[in-house]
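Shown next, in structure tokens, is the structure this report addresses.
No lab work stands behind these numbers, since they all come straight from the coordinates. Just so it is clear, the model here is predicted, and its values are computed rather than measured. No Cβ is skipped: glycine too gets one built from the backbone with ideal geometry, and neighbour counts run over all protein chains shown.
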Amino acid sequence: MELGSDSRHFQAHLGLRSDAIDATEAEVALGTTKKNRLASANANALKLSCELLKSFVSEAVQRAAIIAEAEGMDKIEATHLERILPQLLLDF
């Protein structure tokens, strides 16, 4: 379905992007969709994400260890992680 100049003008007036519609039509024609496209990330963004995840896990283990130690246990159990998780998520 080809969009005429009147419909493109109408879409622009409403704030709709006609290039988004064209891109979707092009993906259908090429047989690609968002589901089967590979995602890529900038190398710096990937490094930063890894560091954030490392610090998140490290902080979770430290907080859970404090709770386990306060209860006189030598090992961290799932219940310790469940107890610290709400505040940890708010802090991050």
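Count Lys and Arg as plus one, Asp and Glu as minus one, and take only other residues whose Cβ is under 15 Å from that of V61; the net charge is then -2.
Compared with the alpha-carbon gap, the fully stretched path from F56 to E71 is longer by 3.1 nm at 0.36 nm per residue.
First measure r as the distance between the Cβ atoms of L48 and A78, then evaluate 1/(1 + (r/R0)^6) with R0 = 25 Å and state the FRET efficiency to the nearest 0.05. Once the sixth-power term is evaluated, E becomes 0.30. Summing charges over all other residues whose Cβ lies under 11 Å from the Cβ of R83, with Lys and Arg as +1 and Asp and Glu as -1, gives -2.
Can you tell me which of 45-54, 64-73 comes out highest on packing, and rank the rest after it, using the mean Cβ neighbours within 10 Å?
With the highest mean Cβ count within 10 Å placed first, the list reads 64-73, 45-54.
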